[in-house]
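J.: Can you read through this structure? Questions will come right after.
The values are calculated or read from the model by the stated rules, or taken from the named source; none is laboratory data. Predicted, not measured: the structure shown is a model, and the values here were computed from it. Every residue, glycine as well, gets a Cβ built from its backbone with ideal geometry; the counts of neighbours run over all protein chains shown.
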Amino acid sequence: MTQRQPPRYVPTLTEVVRTGAASGTVDRLAEEQLVHRIMQRIDLTLDRRLREAIASVVLEHSRQLAPALREEIEAVVATAVSEALAEELDPSRTGGAPPR
């Protein structure tokens, strides 16, 4: 096999180019972009799912709290009505005329 000279217009390799550093930078950038895109997707998904989970828990706790809250509200209203009625029937307890 004899070595032939390529035609003048064909480019020839004159120096060795090391691609390790450049390739590493490109790989790192691609990895960072991939991580960024994944984090954006996770962020959207987690936001929606956490809102749904929190809403479900709050609703369940509200349902469980409702009877106790109702009892407490009834007691407070009954006390307020009793005190107002007692003051209305006995003006001497309030020290004057009823409010208008």
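J.: Test each condition in (1) at pLDDT 90 or above; (2) loosely packed, with under 10 Cβ neighbours inside 10 Å for Ser56 and report the one that comes out false.
T.: Of the numbered conditions (1) at pLDDT 90 or above; (2) loosely packed, with under 10 Cβ neighbours inside 10 Å, the odd one out for Ser56 is (2).
J.: Out of all the residues in segment 48-77, which are charged (D, E, K, R) and under 30 Å from the mean Cα position of the chain (by Cα)?
T.: Arg48, Arg49, Arg51, Glu52, Glu60, Arg63
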